[in-house]
1. How many residues does region B:136-194 contain that are of a type in the set (G, A, S), at pLDDT 85 or above and either in contact with a strand residue (DSSP E or B) (Cβ under 8 Å, 6 or more places away or on another chain) or buried (at least 19 other Cβ atoms within 10 Å of the Cβ) (or both)?
2. Can you name the number of the only condition in (1) at pLDDT 90 or above; (2) within 30 Å of B:M483 (Cα to Cα) that B:G112 fails?
3. Out of all the residues in region A:204-219, is one or more part of a strand (DSSP E or B), under 17 Å from the mean Cα position of the chain (by Cα) and modelled with pLDDT under 90?
4. Where residues in region A:240-272 are farther than 18 Å from A:R290 by Cβ and among the hydroxyl-bearing types (S, T, Y), which of them is nearest to the other protein chains (Cβ to nearest Cβ)?
5. Condition first: touching a helix residue (DSSP H, G or I) at 6+ places or on another chain (Cβ under 7 Å), closer than 25 Å to A:R32 by Cα and surrounded by fewer than 17 Cβ atoms within 10 Å (Cβ to Cβ). Can you find one or more residues in region A:146-163 that meet it?
6. Any residue at all in region B:272-286 that is surrounded by fewer than 16 Cβ atoms within 10 Å (Cβ to Cβ), among the β-branched types (V, I, T) and under 30 Å from B:I68 (Cβ atoms)?
7. Which one of B:M346, B:M283 is under 30 Å from B:G121 (Cβ atoms) and under 14 Å from the mean Cα position of the chain (by Cα)?
8. Under the condition of being of a type in the set (G, A, S) and more than 14 Å from the chain's Cα centre (by Cα), which residue from region A:188-200 is nearest to the other protein chains (Cβ to nearest Cβ)?
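The values are calculated or read from the model by the stated rules, or taken from the named source; none is laboratory data. Small disclaimer: the values here were computed from a predicted structure and weren't measured. Every residue, glycine as well, gets a Cβ built from its backbone with ideal geometry; the counts of neighbours run over all protein chains shown.
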Amino acid sequence: MRRERWPDGYGVKAVPLVYPGQEVLPDQPVLRFPATKQTDTGSGEVVPAGLRGRVVEISPRGGVVIESPAALVQGVIGAGKQIAGILTLWREKAGKQQKIPAGAILVVPDQINFALLHRAMSSGVSGIVAGSISLRDLEGFLRVDLIQLLNCADVDLVQAHLPPLTLLFTEGLGAIAMSRQVTELLEHYQGSIALLCGATSVRHRIFPELVISLPAEETQQNWQSVQPEAVLVPGALVQIYEGEHRGTVGTIDYVFTYQQVFASGIHARAVRVALEDGTWLTVPIIYVKRLL
Amino acid sequence: MYTQPYPDGGQGPTQKQNVPVANSLLVADCGAVFTKVSLFGLVEGQYRLMARGEAPTTLGSSQEDITIGVIQAINVIEFITGRRFVEDNRIIFPEQDDGNGVDAFIATMSAGGPLRVVVLGAVSSAFEGLASQAFSGLYAEMRSLAAPSHQATAVPSPVSVGAYTPSAGSAWTQERTSMEWERQLGEMRAFQPQAALIIGMADGQAGPTPLQEACHLLVNAAKEWNERRSSNGLENGTPKTFSVLYAGAPQYVEAVRQMLQGVAEVIRVDPLLSQAQLSMISMAVGTLHDRTVLQRLPGYDRLRSWSSASPLATATSLSSLVRFLAQHYAMNVTAVDVGGTTTTVMLAGEQGEFIPMVNSTVGVGQSIGEVLQRAGLQRITRWLPFSVTEEEIRQYVLNRMMHPQVLPASAREVQLSQAFAREAIALVLEAAKKQYAEWPESDLVLATGGVLSHAPRFGQVALMLLDALQPRGVTSLVLDRTMLISQLGAVATVAPITAVQVNENDAVSHRLGTCVIPFGDVQPGQLAVRVGVEYSNGRQLSVDVMAGSIEVIPLQTNEQALLTLFPAPTVDVGLGPGERARAAEEIDGGLIGLIIDARGRPLALPSDETERHARLMQWAQALGA
């Protein structure tokens, strides 16, 4: 996949440090921003690639477009500019406080709260990938009206005024943990450098995403890219993302020919989902998304 | 009131002579949230709706191709009919002997969002009103920014009283002018227009300066955008350019072209002076929407290749049908379409009057946040027969914005969605009534769009329409349960017979009933109107309806009755206060029956929450909602 390396919100032209056709590594500097009052480092700020791949283009504003074989995790909601960091899994153990490494992208598989967000920010964490968060905690942390944030026309402008911590929530608002499949994927790539962008705009159909370049050893022999399958057929592993069973994972067991009536009185096409505990659920087909 | 021309410049669907022979048609409507596909076919010599399928519109970042959703919706039809219409992601043409394939494919589209147009130059309030009338029937969002020189010379400076505010009535100093430039640039940044309409005849005190300033603003905005273009590949690579409709002083068109060289493509139209130019500007903006929004949607070229005609904007298709119905049945017809991002209210009169109001920023899906923002929390919660916290409403709104395709999971969510639908319609209607002093009462109200068409009960639809539109006198309510009406106008452009037959046989078939809405000065609990009903089988019935209530008198589908109304002396049923009315013709029944809405106009809800909840439940119960 191709992604432009461009940390939003600078409003200035960057100087690319690489050229089209060049192979880059995730920690390799690819951009330099001139010194500003904000960065105040004297020589300006240097931005690492975040991806392993080939530079295919320098965009007019100086952004570096990199093509990379990568895994993609798309979130439901997020906030914050594009950052690169080391994926670090957060495991809270009773009575023991885990050290939070500065510059990391912290992975919190469960619901996250306001206190942990603040702790992460003050520890210098660059980004957080979590299962979910309550509306109150998220608005409290960002200090914005979330409805206005998602509707805003100028995405760059809005991101520039948010706290310096990029966020991605795989399940959105509420108290839902990320699916086992996503957690396992992130565990697998723990320690890798990844690229996280939190920008979310309903108006522009932009959703937050985490891009993890696949290591060279995984892409060397007979590697073929896998596109997500969307068709809902019996046997497909799905997650229910709405209603009282939100977050539940199961396998489609049957696709109903006729519309079914649900508790709300709504008629809708439906599927029967076999859950891991051996029970079944009949849910509107529109409530499920395919995992595998 | 003005009449917009049909998009092809013709006289409407009934006049079109080019009729290809098609035994079967697939018609797709690509909405902002769902793509609906219908299969029409010949059954015993008549065109009928044979099956329909629905799938989420695929314009999200993971599936950036609108045809994927169309194919998924066609797959549903294949599943239902057992026929095959798609092979290797292509539609099979023509219909085969074994029943697979179709003869024609037609598409309408409301996905892609509105065309954002900024009106610049010598923008007076009168011209701003004209411009918004020109845009009102289109998927267009308008902002106007009057040139500082025009503001300085056109607005008389009132005597300032109290605290000094630089924006109100102070002299146009250099500082104020530069502040206004900054403000306008900020507005351009926030609004991100794709097109501009430049107006002004250069005959005011400021001369041609407003035209010059309009160009400067566009040049500066383009320069700024090119310096800091948004990320995420929104407009990756190519420099920012605008489409500019120039409707200003003709002698300056070349000067404007030169000033905007490299920044805008300038299309000259007649100077905007009066309502006479509105049709032309509407057509030009419609064409820009096709070019700038629809044709840039991922998968558009592929969709276009499946059809002999270009995909039509859904609102244009709907307007064709509504005007056809108004002329054909010689009555005033109002169409209401509530979608995920857009709410449309259109009124067509039997004399050719036409008032289209399309608001592409108000809906019950992605645009539901806009409804909350504009209407406010109280206007939403007043329709709910239960207490609700602000947090619950906001959580609901955010979930809808992020998952607009999701259906309500509980009865509570159904009521929340219907409360938002009422306010979406009301907001559009309020804007329409501000623009058009004359708003005729409707003889027929046609309802379509997911929240109306998929409502679990017919009574809920009737209540939404009565609460939001607040019609008076006598009207009929019709629900487009199959969500076909907005596609039929497009069908009519290539197959008018199909459109007429399907309309007669299938689409507008859910007649909810006739409504009598008395209004006037009467206290709740007092007699508002006595209704005399004489059924076609000779049975007679007399019902007293009290002010503040809704009653339903049994009158089923395919039943007719003669109606006599005896209003109280201060109550009007359309002929004046206290005037008795007797229908010259029999009225038709419907799925709900004969509805007498004596709740008063304007509808006032009790301020006490408990009383309001009780009243809402009472009304819902009366209509079986």
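1. Here is the first cut: in region B:136-194, the residues of a type in the set (G, A, S) are B:136-137, B:140, B:144, B:146-147, B:149, B:152, B:154, B:157, B:160, B:162-163, B:167-171, B:178, B:186, B:190.
From what is left, the residues that are at pLDDT 85 or above are B:136-137, B:140, B:144, B:146-147, B:149, B:152, B:178, B:186.
Cutting the leftovers down to either in contact with a strand residue (DSSP E or B) (Cβ under 8 Å, 6 or more places away or on another chain) or buried (at least 19 other Cβ atoms within 10 Å of the Cβ) (or both) gives us B:136-137, B:140, B:144, B:146-147, B:149, B:152.
Result for region B:136-194: 8.
2. Result: B:G112 passes all but (1).
3. Kept after step one, since they are part of a strand (DSSP E or B), are these residues of region A:204-219: A:206, A:209-213.
Checking which are under 17 Å from the mean Cα position of the chain (by Cα) leaves us with A:206, A:209-213.
Within this subset, residues satisfying the condition of being modelled with pLDDT under 90 are A:206.
Checked region A:204-219: at least one residue is part of a strand (DSSP E or B), under 17 Å from the mean Cα position of the chain (by Cα) and modelled with pLDDT under 90.
4. Filtering region A:240-272 for residues farther than 18 Å from A:R290 by Cβ gives A:244, A:257-267.
Checking which are among the hydroxyl-bearing types (S, T, Y) leaves us with A:257-258, A:264.
Working: A:T257: 7, A:Y258: 9, A:S264: 5 Å.
Among them, the one singled out is A:S264.
5. Yes, some residue in region A:146-163 is touching a helix residue (DSSP H, G or I) at 6+ places or on another chain (Cβ under 7 Å), closer than 25 Å to A:R32 by Cα and surrounded by fewer than 17 Cβ atoms within 10 Å (Cβ to Cβ).
6. Taking every residue of region B:272-286 in turn, none turns out to be surrounded by fewer than 16 Cβ atoms within 10 Å (Cβ to Cβ), among the β-branched types (V, I, T) and under 30 Å from B:I68 (Cβ atoms).
7. Values: B:M283 fails: under 14 Å from the mean Cα position of the chain (by Cα).
Exactly one of B:M346, B:M283 is under 30 Å from B:G121 (Cβ atoms) and under 14 Å from the mean Cα position of the chain (by Cα), namely B:M346.
8. First, pick out the residues of region A:188-200 that are of a type in the set (G, A, S): A:191-192, A:194, A:198-199.
Going one step further and asking which of them are more than 14 Å from the chain's Cα centre (by Cα), we end up with A:191-192.
Details: A:G191: 27, A:S192: 22 Å.
Of everything passing the filter in region A:188-200, A:S192 is nearest to the other protein chains (Cβ to nearest Cβ).
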